[in-house]
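See structure below.
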Amino acid sequence: MSADLPLVRRLEAMGLRAWPARNVLYDGAWQLRLTAGHPSKRLNSMSVLDQSDIADVDIRFEKARRHYAAFGRPLIVRQTPLTPSALIEHLTDAGAKPFDETLVMTLDLRSFSADEDIELIPSQDVGRFVDAALKVNPVEGLTKAGLAEVVTAIKPAHGFFIREDKQGEPIAAGLCVHDFDMAGIEALAVAESARREGHGRFLAGGMLRWLKSRNAGSVWLQVTASNAPAIALYQSLGFAEAYRYRYWKEAA
């Protein structure tokens, strides 16, 4: 599908603010992100934010590779509809391979009916959210301090949502970021032992209701292309694919 490039530019800017990297270096429209405490590829990869920024691709790619190598990291490139074809050609020639495709989905909140969803009040307790998120969705190499560093760096208005079982144990968690007229849902996950029981729908519906009450016009989220159950859930709520991105990495 062809992407709406002005929309992609807005969503990319929103997404970068909603999930901020610890260190960001710009080389023109090439953005190099690094976050030592979090293994997320989004926080540790290079994106190009302007298709026309193709000057000296070979030289700048090598500079980017050295930048990541200085931190003991490989250079990973995140390919979006804004990525110049010249850079993809360079990656292909260098023997790099694409992996891990992700869908960016959007919802017009004016078409979302929140009447049937229970009203949820978001938490502002970073520690509680971080504990819940790590219990619900443990990520190899991610520590409480690393996740807290990312979450506390979020600048736009945001709220944390946690669903617990009868014993008070977290079974689902996520966060919303409200940025101007748009909003994003980040890190929404359901514990493996509690999936397919409606907890994801319950939490997502409550988050959308909260965002609508704040007069957000539209909502975006990101979901791995291989996560068919999550995609089906979001589509049932009215989300539709806006564009996709994937990562490239050179062979070791």
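The values are calculated or read from the model by the stated rules, or taken from the named source; none is laboratory data. Small disclaimer: the values here were computed from a predicted structure and weren't measured. With ideal geometry, Cβ positions are generated from the backbone for all residues, glycine too; neighbour counts draw on all protein chains shown. Areas reflect the complete protein model, heavy atoms only, side chains present, ligands, DNA and RNA absent. Shrake-Rupley method; radii C 1.70, N 1.55, O 1.52, S 1.80 Å.
Given the conditions (1) loosely packed, with under 15 Cβ neighbours inside 10 Å; (2) under 16 Å from Tyr26 (Cβ atoms), which single one is not true for Ala64?
(1)
Would you check if Arg78 is within 14 Å of the chain's Cα centre (by Cα) and open to solvent by less than 20 Å² (accessible area, probe 1.4 Å)?
yes
For residues that are open to solvent by 80 Å² or more (accessible area, probe 1.4 Å) and assigned to a loop (DSSP other than H, G, I, E, B), scanning just the stretch 104-126, find the one that is modelled with the lowest pLDDT.
It comes out as Asp115.
Quick check on my filter: what residues within the stretch 138-153 are over 18 Å from Pro170 (Cβ atoms) and of a type in the set (Val, Ile, Thr)?
Within the stretch 138-153, Val150, Thr152 qualify.
For the stretch 62-71, indicate whether the set of residues that are at pLDDT 95 or above, touching a strand residue (DSSP E or B) at 6+ places or on another chain (Cβ under 6 Å) and under 15 Å from Gly15 (Cβ atoms) is non-empty.
No, every residue in the stretch 62-71 fails to be at pLDDT 95 or above, touching a strand residue (DSSP E or B) at 6+ places or on another chain (Cβ under 6 Å) and under 15 Å from Gly15 (Cβ atoms).
Being in a helix (DSSP H, G or I), open to solvent by 40 Å² or more (accessible area, probe 1.4 Å), of a type outside the set (Lys, Arg) and without any contact (Cβ under 8 Å) to a residue 24 or more places away in the chain, is that true of even one residue in the stretch 92-103?
The answer is yes; a qualifying residue exists.
How many residues are assigned to a loop (DSSP other than H, G, I, E, B) and either aliphatic (A, V, I, L, M) or surrounded by 16 or more Cβ atoms within 10 Å (Cβ to Cβ) (or both) if we restrict to the stretch 46-61?
Qualifying residue count, the stretch 46-61: 5.
Only one residue in Trp210, Trp220 is hydrophobic (A, V, I, L, M, F, W, C), in contact (Cβ under 8 Å) with a residue 60 or more places away in the chain and outside any helix (DSSP H, G or I). Which one?
After applying the criteria, what remains is Trp220.
With in contact with a Lys or Arg (Cβ under 6 Å, 6 or more places away or on another chain) and surrounded by fewer than 20 Cβ atoms within 10 Å (Cβ to Cβ) as the only criterion, which of Val24, Val8 stands out?
So the residue among Val24, Val8 that is in contact with a Lys or Arg (Cβ under 6 Å, 6 or more places away or on another chain) and surrounded by fewer than 20 Cβ atoms within 10 Å (Cβ to Cβ) is Val24.
Here are the criteria: (1) part of a strand (DSSP E or B); (2) free of Cβ contacts under 8 Å to residues at least 24 places away in the same chain. Tell me which single one Lys166 does not satisfy.
Condition (1) is where Lys166 drops out.
So, Ala187, is that one out of contact with any Gly (no Cβ under 9 Å at 6 or more places or on another chain), among the aliphatic types (A, V, I, L, M) and either open to solvent by 20 Å² or more (accessible area, probe 1.4 Å) or farther than 18 Å from Asp108 by Cβ (or both) or not?
The answer is no for Ala187.
To keep it simple, each residue is scored yes or no on (1) under 19 Å from the mean Cα position of the chain (by Cα); (2) within 19 Å of Phe112 (Cβ to Cβ); (3) not aliphatic (A, V, I, L, M).
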residue	(1), (2), (3)
Gln167	no, no, yes
Ala172	yes, no, no
Asn215	no, yes, yes
Ser236	no, yes, yes
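Consider only pairs whose beta carbons are under 9 Å apart and that are at least six residues apart or on different chains; among these, list those whose first residue lies in the stretch 27-46 and is under 15 Å from Ala70 (Cα atoms) and at pLDDT below 95 and whose second residue is open to solvent by 10 Å² or more (accessible area, probe 1.4 Å) and aromatic (Phe, Trp, Tyr).
Final answer for the pair search is Ala36/Phe71.
Just for the stretch 127-163: of the residues that are in contact (Cβ under 8 Å) with a residue 24 or more places away in the chain, assigned to a helix (DSSP H, G or I) and open to solvent by less than 40 Å² (accessible area, probe 1.4 Å), which one is nearest to Gly37 (Cα to Cα)?
Top of the filtered list is Gly146.
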